[in-house]
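Here is the structure we will look at.
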Amino acid sequence: MRKLLRVNLSTGEIREEEIPAKIALEYVGGRGFGAKYLYDEVAPGIDPLGPENKLLLGTGPLAGTSAQSLSKWLVTTKSPLTGTYTRSLGGGDFGAWLKWVGFELVIIEGRAAKPVYLYIKDSKYEIRDASAIWGKSTSQAQAYLKKEYGAKARMVCVGTAAEKLVRYAPIFSGHRAAGRGGTGTVMASKNLKAVVIEADRSENMADPDEFRKLVRQQVKGYKESLGFETFRDYGTPMGVDFPGFGLGSFPVLNFRTAVLEGWEKLSFTQYAAITQKHTGCYSCMLKCGKVRKVPNGPYAGATSEGPHFETIWAFSGPTGCTDLGATVVADHLCYELGLDTISTGNSIGFAYELFEKGILTTKDTDGLVLDYGDPEPMLKLVEKIGNREGLGDILAEGVKRASEQIGKGAEEYAMHVKGQEMPGYEPRALKALGMNYALSNVGANHCYGYAQQELGNPRPRLLDPAADEDKGDVVRYNQDYTAALELVHACTFPGNNLECFGLELVAKMLVAALGEPAFGSEDYLWHVAEKVYNLERCFNIREGFTRKDDTLPKRMYTEPLKGGVRDGEVIRKPDTIIDEYYDARGWDRNGIPARATLAKFGIEKVDKDVAGFRR
Ligand code: SF4
């Protein structure tokens, strides 16, 4: 029996529910369960920060086992940043603990009257007073809970930025975040500071011998995989050198140029030189996390468990800063305050450009002079955003809302899709990846359909990064492949980028673990993934999102990229790629799934919600 825990913070009622066998079969688990329950239970038009929104904390069907990189946890909710469906995958240990305590999903409803946290142990569930940790940083809150509950406990929590309703606050497990879309903001809006689980390791396999054999095969695959050792040793900062500056895809000065003088100071080799320790998520031999300490310079002594590639970009490219120490400080500040580094760095880059254009002056910035290359105002703005002070209060709304509030043409400089800030890959340099931002259900997000084909991966076929068409079907392929891996919450790095394992192995593991023969077919997982993707799309359509929202910032179409390997590139034929993509998906020209498409996946019931948007 697969179970969920339903927690109503308004009434205090908590109950266990069986996940119906039909849902378990038709949605497999993980992201599938999240999308299904969110669609069915969150009505269109509700305020994402109101009690009607629900927060779904899920773990994968293979979490907590010896399988590698399959113990992540996932948050599904309606995003306060975009107003769309969102899902965000987090690392650390929490996914394993949630599985061991017996639930694949915790559905959190309503809003507590005062700050609380949820405690789960065996069949004991309690909503407990959080006054001792409300107002505390992520590290302080977690330290308190660890002291309170000991070594057998693991937790997720939010920082003070979430309490202040910064729209892009994540949920954290240790230093690992479900980073994007404001999942932590939704949690804090419910007056929920943390979820704590006490559990013992447990594994309940349909065929334990077969499962062990498959794990051995997976471990062998890791060791033989091209890139395994370098990724383990250096982690995600390798992206600075390639594709970053090697392919001209590192966005600089708020997505205007691909040139950053002195970028070599941010090379992965520089980060490797200051790495003190390797850390990883539960049952992952890649250990891509790195604890770093700045040895000299103005930030000497600063430490952080990071930064990862995206954070290095967020606190260098947007502001033109090349101080490695400042990226470590910014990473640590974001962790302590509880901020999404991508949205924070992008928002600050937006402010720097407005300052350059004279749209913002020192009167708006509390005297801060936002000069490119100077990390000090950048670090001050991180704190201002986290504390919602001065300009930080406006930037805490995300660049879309901030630009509307600031006016004076600021919208031109807001680099977002559907309200979510763009990450550190330049759409004009990697066009399939860029169009994935435009078409994604969660706003700009590189992890929602990363296009490896532009970086040399021939599956399903190689793509010329600069080509202006014949990419739509591959954008779909990447999104569905990611969705299939996320049915089991597989980490994107080994599963998608390094190809340490694939769906064939996942399918076999699912059968060995759950004993359900239908899960043993790779085709079945593709089918479910595509169904889930369509359901997520229908959630958004029901909220009024259609083709008009599948777009990139105007700059991507009208301003040629300056410098780098892709110098002079613009996205010339977005509509061609969008039409190719809609055709590949079986959607109409307004981006609405055809009735026959919904019927193919057995979800024709949702047709009534979306039919009115067809054209
Ligand atoms: S590769 Fe990194 S992020 Fe992925 S599961 Fe392993 S340690 Fe976690």
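Amide hydrogen proximity for K290: with H placed 1.01 Å from N in the peptide plane, the residues at 5 or more positions away or on another chain lying under 5 Å are T279, G306. Comparing L505, I577, P458 along the charge dipole axis of the chain, the residue lying farthest to the positive side is L505, per the Cβ-charge model. Across region 58-73, computed HN-Hα scalar couplings (Karplus, 6.51 cos²θ - 1.76 cosθ + 1.60, θ = phi - 60°) run x, 10, x, x, 10, 5, x, 9, 7, 4, 8, 6, 10, 10, 6, 10 Hz from first to last residue, x flagging Gly and Pro. Of the residues A153, G239, W263, the one whose Cα sits farthest towards the positive end of the charge dipole of region 147-266 is A153 (charges of +1 on Lys and Arg Cβ, -1 on Asp and Glu Cβ, taken about the Cα centre). With a Förster radius of 56 Å applied to the beta-carbon distance between A300 and E16, the computed FRET efficiency rounds to 0.60. Model label points for K152 and K124, set 7 angstrom from Cα along the Cα-to-Cβ axis, are 0.9 nm apart.
Amide H to amide H distances under 5 Å link H416 with M422, where only residues 5 or more positions off or on other chains count and H is placed in the peptide plane. Assuming charge only on the beta carbon of Lys and Arg (+1) and of Asp and Glu (-1), the dipole of the chain about its Cα centre is about 960 debye to the nearest 20.
Label-to-label distance for A596 and A43 is 3.5 nm, based on points extended 7 Å past Cα in the beta-carbon direction.
For region 413-535, the square roots a ≥ b ≥ c of the C-alpha gyration tensor eigenvalues yield an a/c of 1.5 or more together with a/b exceeding b/c, which makes the shape prolate. The Cα trace of region 75-129 gives Rg and Dmax of 13.4, 36 Å, the first to one decimal, the second as a whole number. Here H332 sits with roughly 70 square angstrom of accessible surface, probe radius 1.4 Å. Using a probe of 1.4 Å, the accessible surface attributed to K124 totals some 100 Å² when neighbouring protein chains are kept in position.
For region 247-255, backbone phi angles converted through the Karplus equation (6.51, -1.76, 1.60; θ = phi - 60°) give residue-by-residue couplings of 10, x, 10, 8, x, 10, 6, 6, 6 Hz, Gly and Pro being listed as x.
Considering all C-alpha pairs of region 8-65, those separated by over 19 Å amount to 40%. Among I120, I197, A141, which residue has its Cα furthest toward the positive end of the charge dipole of region 112-229, with +1 on Lys/Arg Cβ and -1 on Asp/Glu Cβ? The Cα lying farthest towards the positive end belongs to A141. At the residue level, F501 shows approximately 20 square angstrom of accessible surface with a 1.4 angstrom probe and all protein chains present. Each listed q (0.10, 0.15, 0.21 Å⁻¹) maps to a log10 I(q)/I(0) for region 204-351, found by the Debye formula over equal Cα scatterers with no solvent: -0.41, -0.78, -1.28.
Would you mind classifying the chain by shape? Square roots of the alpha carbon gyration tensor eigenvalues, ordered a ≥ b ≥ c; an a/c under 1.5 is rounded, otherwise it is prolate if a/b is larger than b/c and oblate if not. Rounded is the answer for the chain, as its axis ratio a/c remains below 1.5.
Dipole size of region 195-288 about its Cα centre, with +1 on Lys/Arg Cβ and -1 on Asp/Glu Cβ: approximately 160 debye, rounded to the nearest 20. The number of Lys pairs in region 191-337 with C-alpha atoms less than 28 Å apart, excluding pairs fewer than 8 positions apart on the same chain, is 17.
Where only DSSP H runs of four or more residues are counted, the chain gives -10500 deg cm²/dmol as its mean residue ellipticity at 222 nm, each run worth -39500 (n - 2.57).
Ordered by solvent-accessible area of protein heavy atoms (1.4 Å probe), largest first, the residues W97, W263 come out as W263, W97. As a ratio to 2.2 N^0.38 Å, the alpha-carbon radius of gyration computed for region 1-140 takes the value 1.04.
Rounded to the nearest 20 debye, the dipole size of region 319-365 about its Cα centre is 180 debye, using +1 on the Cβ of Lys and Arg and -1 on the Cβ of Asp and Glu.
Between amide H atoms placed 1.01 Å from N, distances below 5 Å from K3 occur with I19, E104, all of them 5 or more places distant or on a separate chain.
The values are calculated or read from the model by the stated rules, or taken from the named source; none is laboratory data. A quick note: this is a predicted structure, and the numbers were derived from the prediction, not measured. Please note: Cβ atoms are built from the backbone with ideal geometry, for glycine as well, and neighbour counts cover all protein chains shown. With ligands, DNA and RNA removed, areas are computed over all heavy atoms of the protein, side chains included. Shrake-Rupley method; radii C 1.70, N 1.55, O 1.52, S 1.80 Å.
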